[in-house]
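The values are calculated or read from the model by the stated rules, or taken from the named source; none is laboratory data. Values in this document were obtained by computation on a predicted structure and should not be read as measured data. Note: ideal-geometry Cβ built from the backbone for every residue, glycine included; neighbour counts use all protein chains shown. Ligands, DNA and RNA are stripped out before the accessible areas are found, and what is left, the full protein with its side chains, is counted by its heavy atoms. Shrake-Rupley method; radii C 1.70, N 1.55, O 1.52, S 1.80 Å.
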Amino acid sequence: MTTSASVPTGPEGAVATDDTVIDRLVEANGQYAAAFTDPGMDARPVLQVAIVACMDARLDLHAALGLELGDCHTIRNAGGAVTDDVIRSLTISQRALGTRSVILIHHTGCGLESLTEDFRQELEAEVGQRPAWAVEAFRDVDQDVRQSMQRVRTNPFLLHTGDVRGFVFDVKSGLLREIDPA
């Protein structure tokens with residue numbers, strides 16, 4: 001499968017080493033900016049929704065949910081975990097920028113299913129310092145979504161916790177499966 005991020009090749013398929021991926025991205029931005037016109041939007045999402053999702057590169061959230069530029073706030077991290085920083089972003093999204101709904105999207109085949117909290121110990125052994133953050137590894141994606149919904153619904157900093165729903169995105173079919181919070 002070829003994607004826009006495929007490694008550039010030179011003569012006879014050899015990997016080109018002159019440009020880095022970041023160089024390619026900056027070049028693409030120059031092309032984007034040349035045709036860019038200010039859409040005249042402000043930072044408030046039109047649909048008043050914030051999405052918390054995994055950073056997995058297979059999740060094209062805008063396409064999967066039929067979203068356009070300006071429709072939502074998108075907060076992504078490994079596993080779509082509701083961490084302190086996600087709560088920080090959701091709090092700002094709700095209190096300063098008007099969002100009222102939260103959708104949580106985890107997915108099948110997540111890399112966090114194969115990790116454990118031992119990952120932190122391995123890092124500590126390697127670099128001499130233990131990370132302050134939890135790995136947020138899990139074995140049951142449905143239960144992890146339920147835990148995430150509970151973290152959002154019970155957080156005192158969030159104003160709008162009545163419309164919080166969680167889903168698992170199937171990376172093979174592209175379909176969302178809603179998770180019952182009970």
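Values computed for the structure shown
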{"quantity": "So T108, is it under 16 Å from the mean Cα position of the chain (by Cα) and open to solvent by 20 Å² or more (accessible area, probe 1.4 Å)", "calculated": "yes"}
{"quantity": "Restricting region 25-50 to residues that are hydrophobic (A, V, I, L, M, F, W, C) and in a loop (DSSP other than H, G, I, E, B), the residue that is farthest from T99 (Cα to Cα)", "calculated": "F36"}
{"quantity": "Neighbours by Cβ (under 6 Å, 6+ apart or cross-chain): first from region 133-155, over 15 Å from G109 (Cβ atoms); second part of a loop (DSSP other than H, G, I, E, B) and open to solvent by 30 Å² or more (accessible area, probe 1.4 Å)", "calculated": "V135/L115; V135/E117; R146/P181; M149/P181; R153/T161"}
{"quantity": "Answer residue from region 133-152, given it is assigned to a helix (DSSP H, G or I) and over 18 Å from the mean Cα position of the chain (by Cα) and is surrounded by the most Cβ atoms within 10 Å (Cβ to Cβ) among those", "calculated": "Q150"}
{"quantity": "Selection from region 90-105 of residues that are open to solvent by less than 30 Å² (accessible area, probe 1.4 Å) and assigned to a helix (DSSP H, G or I)", "calculated": "L90, T91, S93, Q94"}
{"quantity": "Residue within region 122-132 that is under 15 Å from S148 (Cβ atoms) and open to solvent by less than 40 Å² (accessible area, probe 1.4 Å) present", "calculated": "no"}
{"quantity": "Selection count where residues are on the phi > 0 side of the Ramachandran plot and surrounded by 16 or more Cβ atoms within 10 Å (Cβ to Cβ), scope region 55-89", "calculated": "2"}
{"quantity": "Qualifying residue in region 153-171 (condition: open to solvent by 80 Å² or more (accessible area, probe 1.4 Å), assigned to a loop (DSSP other than H, G, I, E, B) and among the basic types (K, R))", "calculated": "no"}
{"quantity": "Any hit, region 22-40, residues being exposed (fewer than 14 other Cβ atoms within 10 Å of the Cβ), within 18 Å of the chain's Cα centre (by Cα) and of a type in the set (G, A, S)", "calculated": "no"}
{"quantity": "Complete set of residues in region 106-132 that are outside any loop (DSSP other than H, G, I, E, B) and closer than 21 Å to G166 by Cα", "calculated": "H106, H107, G111, L112, E113"}
{"quantity": "Options V145, V168, V135; residue that is touching an Asp or Glu at 6+ places or on another chain (Cβ under 6 Å) and within 23 Å of I87 (Cα to Cα)", "calculated": "V135"}
